[in-house]
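Visitor: Dropping a structure here in structure tokens format, bear with me for questions.
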Amino acid sequence: MTALPRGIKADITAPVRDAFARDGEVGTGPAPRAVLYPSNIHEVRKVVVWANETRTALIPVSSTGLRRRGDTVPLTDGAVVVDLSGMTKLIHADPRDKIAIIEAGVDFGSIDEILRPHGLRAFRPLMPRAGKSVIASYLDREPIINADVHWDPADPFGGTAIISGGGELTLNGSAALEGTLKEQLERGHRHMVTFGPGNVDLTRVLQGSQGSLGVMGWAAIYCERLPKVEDSLFLCSETPSAVLAAMREAVHRRICTTAFVVDRVQLAMLLGLEMDAAAMLPAWTFFATQAGYVHAPERKVAWQRSDLEEVAARHGARLEKTLLGTSADALADRLRQSPRVCYRDVPFGAHKELFFLHPISSVERMLDIQEAHLRTGALAARPVGTYIQPLAQGTFAHVERVMPHGPDADVGADWRSLAEASLRAGAFYSRPHGVARDLAFLRDDGSAARMIGAAKALLDPCNVMNPNRFVVQEAIG
Amino acid sequence: MAAKTGRHRLTLSPQARSELETILGARYVTDDPALMSGYAWNTGVGKIPSGDKFTSIWPIAVVLPATTEEVAAVVKCCKRHGLSFRPHSTGYGSMGCVTSPDSICIDLRRMDHLEILPDDRMAVIGPYATANQLQAEARKHGLTCHVVGAGPAHSPLASATSLIGVGITSQFTSANMRNMLAWEWVTPEGEIIRGGSAASDLGWYASDGPGPGTRGLLRGFFGGGGGIGVFTRIGIKLFPINQKGEMQTVGQVPQLRSVLPAHTALLHALFPDYEAQRAATFDLLQDDVCTVLLRMPPNHIGWTLTETNAEFVRRTRDGTLPEPAQLHNGASWTILIASRSAAEHRWRDETVRDIVIRHGGHFAVLQQEEEELLYHNFATSQYVPRVLRASGGITTSFGVLDSFHFLPKAVEMGEMMLAKDSAPGGALCEGSPDEQWIWPHEGRYMWGENIIHFDATSEASRAAGALALIGHFAAQWKDPVGMTGLLVGPIQDVTGPRIGKAPAFARKVKTYFDKDDRSKTKEYVIPNMPPLVEKILPALRPVFSNQMVLRAMSKMLGKNGM
């Protein structure tokens, strides 16, 4: 067995290694032979170069706490985990340009505190757990709830520093400039562009790769100014069509910051209610937040509120400021908290999730098919939540179904059956996690497999990064 | 195989012609010089041409496929016969011309698919759907597309996949490299590959996955530039506007105007200096208060507001040009505010006015006709023909993206590059050295693009244009004002590993998909570069930065074109 790289903190004790042999969703895999803790990007590079020399599989991990989805559990023997959770520096923050540069270990539990002195806060997915790495979340294209500023799946990344699987440090987007990072910042550069430089966009390639192509050491991330005025509302209806139409128009008109639709089960989970209380909530809710940041914020929120009311009335959605004693503003605050335990595990201790992309215009048809499937199967009596997040400013949506259940419930096969039915109905599993790990490629015409093979050959020629992460890589061997 | 007929001209072998005719039908294959001359037109737009009307290299043949499968078959045919190829969409400028005499020009004009999906604010387009057509169809649904600086005749698919993709309305329509959704691509080997949701036959809405965003292998800042196969279909994002249906145009070309819709204002803010403009800009970018912000050089505003060059010159001498077109008023923003409700519009209008005044600025008084003229050009991006009018030969430089912190410096450096040769007696188009177009992207960062005007019929003027173009790279190496978008071809390699090893990586991509360099272009990395040369080139930066070397190279480019 080869020696571990010198000068990098390492842990080879069994309890630590075993902790990486499983996560909250996937069963036990092979335990890594060591866990390495690089403290900066140069040490990360040293580890990757060493892995290439020794042909050692690396599993990059940046988050702490209960991990899920299997992408940090080794699929091969003898792997080494590269734990970046100790890389927690805020390198730069700038309210004028609404941007910050953070290391990979900064998590959602801490980022807003770190950014607050700079008048900023982070764009967040739907109630991420505290230990979730911000960079890991963005790298996985986890949807942020701020639909108005989600222009493209690369958001909210600016320039980045990546160590490719081959061990090369690449500066990407507008981070690719003369001089050191310190010199660049002193000159006034702010690394605000994610694409490029030149003819390639390695940040985009790394997104969605689940640690199989390289490691991101730091990234510039777009941030939101702390609003001076913020006002949230529930727009409710008994059918999804009214709230979906209202949400789509509001997002297209950019009169909301936070915008998403949930059903009563999902809303109950977000509000921290017992599942029994879900029946007392509206069947469907469009949650909207409007914010004024700098200029006449009260007046801005006032006209946006007035426009939103008009949109709601036109589509038949009713406005509520409070539901079951919880105000919309309180939910907005709650969405900015990061619980230690995933909110979806709170009702019964565990949950199943299924998420995919879909055009918003036909998402209702998809929901009908899923509901018909659920009604006729073994899951009929179980609560299944729905979360619909507009992406790319409402060009399409992330659709998520969540079923809270007891830790011992035997529901895996039936959940997979729902995933299969969804695939037949047109679900696009752009992030192949969990039950979608193999389903994502069943409809592929060969293109995705071909391009993943190309990316692997070009960025990670020795196949050291999270080998066999994608089923199509297993085929490549 | 091909036979030589003379300098830079080859003829297609009977076997290759026969196969192409079988694939496409004889009607869609030609090597008739009369037809091919249209594919060798040396316009000089975006490049420094030589003195000849035609480029020195003509395609060996031109083919017109109608489907992706036909494109793939043509590419495979090229491979079988040792030929190269170059895709050609709407053929804007001379960048679409072939760059080797063994290249077949694949003219994609029969692939003009255009389908609007209004509920999902997107369209599905082929390479020959123009921005003009796309915008006209989108407007029927209260939507518009991003129109890049090249104007409405360009192919949005080409700008999204293969070139830079920025345009004056980027504040609310982003840029086409970020507007591209799912994609379809014929590799240089003739494989058909689809990306995002299209690979699973699930529509054209999602750009990435399953898994990695592999589009990033093919499309960075600059795009494929014709060097990495042929893109044949994409989904593209559209943007809601505050008007549905046709624009209400008045007047006649070239002074076509549009009536401003309800709740819309066009303002022209003037600042005492660039520091004041920068400070105001950071405020104008908060709260999404402006729909479009554009900083045009005063001369360019003058060319837009006057009907002829003669009128422009006369009014310049008379001092009767409107305030925005006067040279001392360079620190300015033309601002479009497009709202949907009266309350929204009142808030936007008052907020913008307050910011401008607070930073020491004021608003130029525009006549209604001037306002409508500027609005029409804003909405359709018709500016390029206006800017071309001054000299007939333009290229562009800088192409920087970074914080607006660099606004004053971008203008200063742009002027520095052009000051000598735009002065009376200089070799460039006489006028002001202030040629920097600046606008924001998505409410965040700055694009700055320095236009270079030269007389395409004068070798000395072309050489001066080339000097300004390549000289700005040297100036940027010394004192960068941001990431440079126009790093194309060998200049990427000279710039070296400090730009993130992008050229070396793009070369790996090129070798992986096109080891024989069939997809031939000058708008991509140099293929098959020996590692030693790759290593040495960045070390030659001091040589390429030397004024004598720059002048010698410029003279050569002025004579032979680039």
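Visitor: Looking at segment B:427-443, I want the residues that are touching a residue at least 40 places away in the same chain (Cβ under 8 Å) and have a partner that is among the polar types (S, T, N, Q) and open to solvent by less than 10 Å² (accessible area, probe 1.4 Å) with Cβ atoms under 6 Å, at least 6 apart or on another chain. Which pairs are those?
Guide: B:LEU428/B:SER422; B:GLY431/B:SER422; B:GLU435/B:ASN450; B:GLN436/B:ASN450; B:TRP439/B:SER170; B:PRO440/B:GLN171; B:HIS441/B:SER170; B:GLU442/B:SER174
Visitor: I'd like the full set of residues that are of a type in the set (Gly, Ala, Ser) and within 21 Å of the chain's Cα centre (by Cα), limited to segment A:174-212.
Guide: A:GLY208, A:SER209, A:GLY211, A:SER212
Visitor: Of the residues B:ILE228, B:ILE193, B:ILE164, which is within 10 Å of another protein chain (Cβ to nearest Cβ), surrounded by fewer than 24 Cβ atoms within 10 Å (Cβ to Cβ) and not in a helix (DSSP H, G or I)?
Guide: So the residue among B:ILE228, B:ILE193, B:ILE164 that is within 10 Å of another protein chain (Cβ to nearest Cβ), surrounded by fewer than 24 Cβ atoms within 10 Å (Cβ to Cβ) and not in a helix (DSSP H, G or I) is B:ILE193.
Visitor: Tell me, which residue of segment A:89-130 that is among the small types (Gly, Ala, Ser) and open to solvent by less than 10 Å² (accessible area, probe 1.4 Å) is farthest from A:ARG469 (Cα to Cα)? Can you show your working first?
Guide: Narrowing segment A:89-130 to residues among the small types (Gly, Ala, Ser): A:93, A:100, A:104-105, A:109-110, A:119, A:122, A:130.
Right, trim to open to solvent by less than 10 Å² (accessible area, probe 1.4 Å) and you get A:100, A:104-105, A:122.
Details: A:ALA100: 30, A:ALA104: 20, A:GLY105: 22, A:ALA122: 29 Å.
This residue is A:ALA100.
Visitor: Here's something else I'd like to know. Which is facing chain B (nearest Cβ under 7 Å) and under 25 Å from B:GLU442 (Cα atoms), of A:LEU177, A:LEU185? Spell out how you get there, then give the answer.
Guide: Working: A:LEU185 fails: facing chain B (nearest Cβ under 7 Å).
After applying the criteria, what remains is A:LEU177.
Visitor: Against the conditions (1) open to solvent by 50 Å² or more (accessible area, probe 1.4 Å); (2) touching a Leu at 6+ places or on another chain (Cβ under 9 Å); (3) of a type in the set (Asp, Glu); (4) within 13 Å of another protein chain (Cβ to nearest Cβ), where does A:GLU420 fall short? Just the number, please.
Guide: Going through the list (1) open to solvent by 50 Å² or more (accessible area, probe 1.4 Å); (2) touching a Leu at 6+ places or on another chain (Cβ under 9 Å); (3) of a type in the set (Asp, Glu); (4) within 13 Å of another protein chain (Cβ to nearest Cβ), A:GLU420 breaks only (4).
Visitor: Output the residue which, of all residues in segment B:196-225 that are out of contact with any helix residue (DSSP H, G or I) (no Cβ under 7 Å at 6 or more places or on another chain) and of a type in the set (Ser, Thr, Tyr), is surrounded by the fewest Cβ atoms within 10 Å (Cβ to Cβ).
Guide: Top of the filtered list is B:SER200.
Yes/no matrix, rows are residues, columns are (1) over 20 Å from A:HIS351 (Cα atoms); (2) more than 13 Å from chain B (Cβ to nearest Cβ); (3) open to solvent by 20 Å² or more (accessible area, probe 1.4 Å):
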site: A:THR395; (1), (2), (3): yes, no, no
site: A:GLY406; (1), (2), (3): no, yes, yes
site: A:ARG450; (1), (2), (3): yes, no, yes
site: A:ASP460; (1), (2), (3): yes, no, no
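Visitor: Related question: Among (1) more than 8 Å from every other protein chain (Cβ to nearest Cβ); (2) out of contact with any Ser or Thr (no Cβ under 6 Å at 6 or more places or on another chain); (3) over 30 Å from B:ASP479 (Cα atoms), which single condition is A:GLY217 missing?
Guide: Of everything listed in (1) more than 8 Å from every other protein chain (Cβ to nearest Cβ); (2) out of contact with any Ser or Thr (no Cβ under 6 Å at 6 or more places or on another chain); (3) over 30 Å from B:ASP479 (Cα atoms), A:GLY217 misses just condition (3).
Visitor: Would you tally the residues in segment B:392-430 being among the acidic types (Asp, Glu) and in a strand (DSSP E or B)?
Guide: Initially, segment B:392-430 is screened for residues among the acidic types (Asp, Glu), giving B:402, B:412, B:415, B:421, B:430.
This time we only want the ones that are in a strand (DSSP E or B), so: B:402.
So the count comes out to 1.
Visitor: Among the residues of segment B:431-445, write down those that are assigned to a strand (DSSP E or B) and of a type outside the set (Ser, Thr, Tyr).
Guide: Within segment B:431-445, B:GLN436, B:TRP437, B:ILE438, B:TRP439, B:PRO440, B:HIS441 meet the criteria.
Visitor: Got a sec? Which of A:ARG254, A:ARG336, A:ARG299, A:ARG365 is of a type in the set (Lys, Arg), more than 30 Å from A:ARG443 (Cα to Cα) and open to solvent by 60 Å² or more (accessible area, probe 1.4 Å)?
Guide: Details: A:ARG254 fails: open to solvent by 60 Å² or more (accessible area, probe 1.4 Å); A:ARG336 fails: open to solvent by 60 Å² or more (accessible area, probe 1.4 Å); A:ARG365 fails: more than 30 Å from A:ARG443 (Cα to Cα).
So the residue among A:ARG254, A:ARG336, A:ARG299, A:ARG365 that is of a type in the set (Lys, Arg), more than 30 Å from A:ARG443 (Cα to Cα) and open to solvent by 60 Å² or more (accessible area, probe 1.4 Å) is A:ARG299.
Visitor: In segment A:284-316, what residues are among the small types (Gly, Ala, Ser) and farther than 13 Å from B:ARG346 by Cα?
Guide: Those that are among the small types (Gly, Ala, Ser) and farther than 13 Å from B:ARG346 by Cα: A:ALA288, A:ALA291, A:GLY292, A:SER306, A:ALA312, A:ALA313, A:GLY316.
Visitor: Those residues that are small (Gly, Ala, Ser) and either closer than 21 Å to A:VAL48 by Cα or assigned by TED's automatic domain parsing to the domain that holds A:LEU354 (or both), I need them from segment A:1-32; list them, please.
Guide: Of everything in segment A:1-32, those that are small (Gly, Ala, Ser) and either closer than 21 Å to A:VAL48 by Cα or assigned by TED's automatic domain parsing to the domain that holds A:LEU354 (or both) turn out to be A:ALA3, A:GLY7, A:ALA10, A:ALA21, A:ALA31.
Visitor: Quick one: which of B:ILE451, B:ILE470 is closer than 30 Å to B:ILE337 by Cα, open to solvent by 10 Å² or more (accessible area, probe 1.4 Å), in contact (Cβ under 8 Å) with a residue 60 or more places away in the chain and of a type outside the set (Asp, Glu)?
Guide: Result: B:ILE451 is the single residue among B:ILE451, B:ILE470 that is closer than 30 Å to B:ILE337 by Cα, open to solvent by 10 Å² or more (accessible area, probe 1.4 Å), in contact (Cβ under 8 Å) with a residue 60 or more places away in the chain and of a type outside the set (Asp, Glu).
Visitor: If you don't mind, another one. Of all residues in segment B:196-210, which are within 9 Å of chain A (Cβ to nearest Cβ) and either polar (S, T, N, Q) or assigned to a loop (DSSP other than H, G, I, E, B) (or both)?
Guide: B:SER197, B:SER200, B:ASP201, B:LEU202, B:GLY203, B:TYR205, B:ALA206, B:SER207, B:ASP208, B:GLY209, B:PRO210
Visitor: Name, by its number, the condition in (1) away from chain A (no Cβ under 14 Å); (2) small (Gly, Ala, Ser); (3) farther than 17 Å from B:GLU435 by Cα that does not hold for B:ALA280.
Guide: (1)
Visitor: Taking A:GLN370 as the residue in question, decide whether it is in a helix (DSSP H, G or I), touching a residue at least 24 places away in the same chain (Cβ under 8 Å) and either open to solvent by less than 10 Å² (accessible area, probe 1.4 Å) or not assigned by TED's automatic domain parsing to the domain that holds A:THR285 (or both).
Guide: Yes.
Visitor: Testing B:GLY220 on (1) over 25 Å from B:ARG507 (Cα atoms); (2) at the interface with chain A (Cβ under 7 Å from one of its Cβ atoms), one condition comes back false. Which one is that?
Guide: All conditions are met except number (1).
Visitor: Turning to a different aspect of this structure: Quick one: how many residues across segment B:234-248 are buried (at least 24 other Cβ atoms within 10 Å of the Cβ) and either of a type in the set (Asp, Glu) or out of contact with any Lys or Arg (no Cβ under 8 Å at 6 or more places or on another chain) (or both)?
Guide: 3
Visitor: Moving on to the next point. Taking the conditions exactly as written (within 13 Å of another protein chain (Cβ to nearest Cβ), assigned to a strand (DSSP E or B) and in contact with a helix residue (DSSP H, G or I) (Cβ under 6 Å, 6 or more places away or on another chain)), does B:ALA182 satisfy them or not?
Guide: yes
Per-residue answers, yes or no, for (1) of a type outside the set (Ser, Thr, Tyr); (2) open to solvent by 30 Å² or more (accessible area, probe 1.4 Å); (3) at pLDDT below 95:
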position	(1), (2), (3)
B:ALA40	yes, no, yes
B:ALA61	yes, no, no
B:VAL75	yes, no, no
B:PHE85	yes, no, no
B:TYR92	no, yes, yes
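Visitor: Then there's this: Residues being in contact with a helix residue (DSSP H, G or I) (Cβ under 8 Å, 6 or more places away or on another chain) and of a type outside the set (Phe, Trp, Tyr): count how many of those fall in segment A:341-372.
Guide: 19
Visitor: Shifting gears a bit: Just one of the numbered conditions (1) modelled with pLDDT under 95; (2) more than 7 Å from chain A (Cβ to nearest Cβ) is not true of B:ASN242; which one?
Guide: (1)
Visitor: Taking segment A:272-296, which residues are part of a helix (DSSP H, G or I) and buried (at least 19 other Cβ atoms within 10 Å of the Cβ)? Talk me through it step by step, then tell me what you get.
Guide: Here is the first cut: in segment A:272-296, the ones part of a helix (DSSP H, G or I) are A:275-280.
Within segment A:272-296, A:ALA278 is the sole residue that qualifies.
Visitor: Taking the condition away from chain A (no Cβ under 12 Å) and either at positive phi or modelled with pLDDT of 90 or more (or both), does B:LEU532 pass?
Guide: When the stated conditions are applied, B:LEU532 does not pass them.
The values are calculated or read from the model by the stated rules, or taken from the named source; none is laboratory data. No experiment lies behind these values; they were computed from the predicted model shown. Using ideal geometry, Cβ is built from the backbone for each residue, glycine included, and neighbour counts are taken over all protein chains shown. These accessible areas exclude ligands, DNA and RNA; they are computed on the full protein's heavy atoms, side chains included. Shrake-Rupley method; radii C 1.70, N 1.55, O 1.52, S 1.80 Å.
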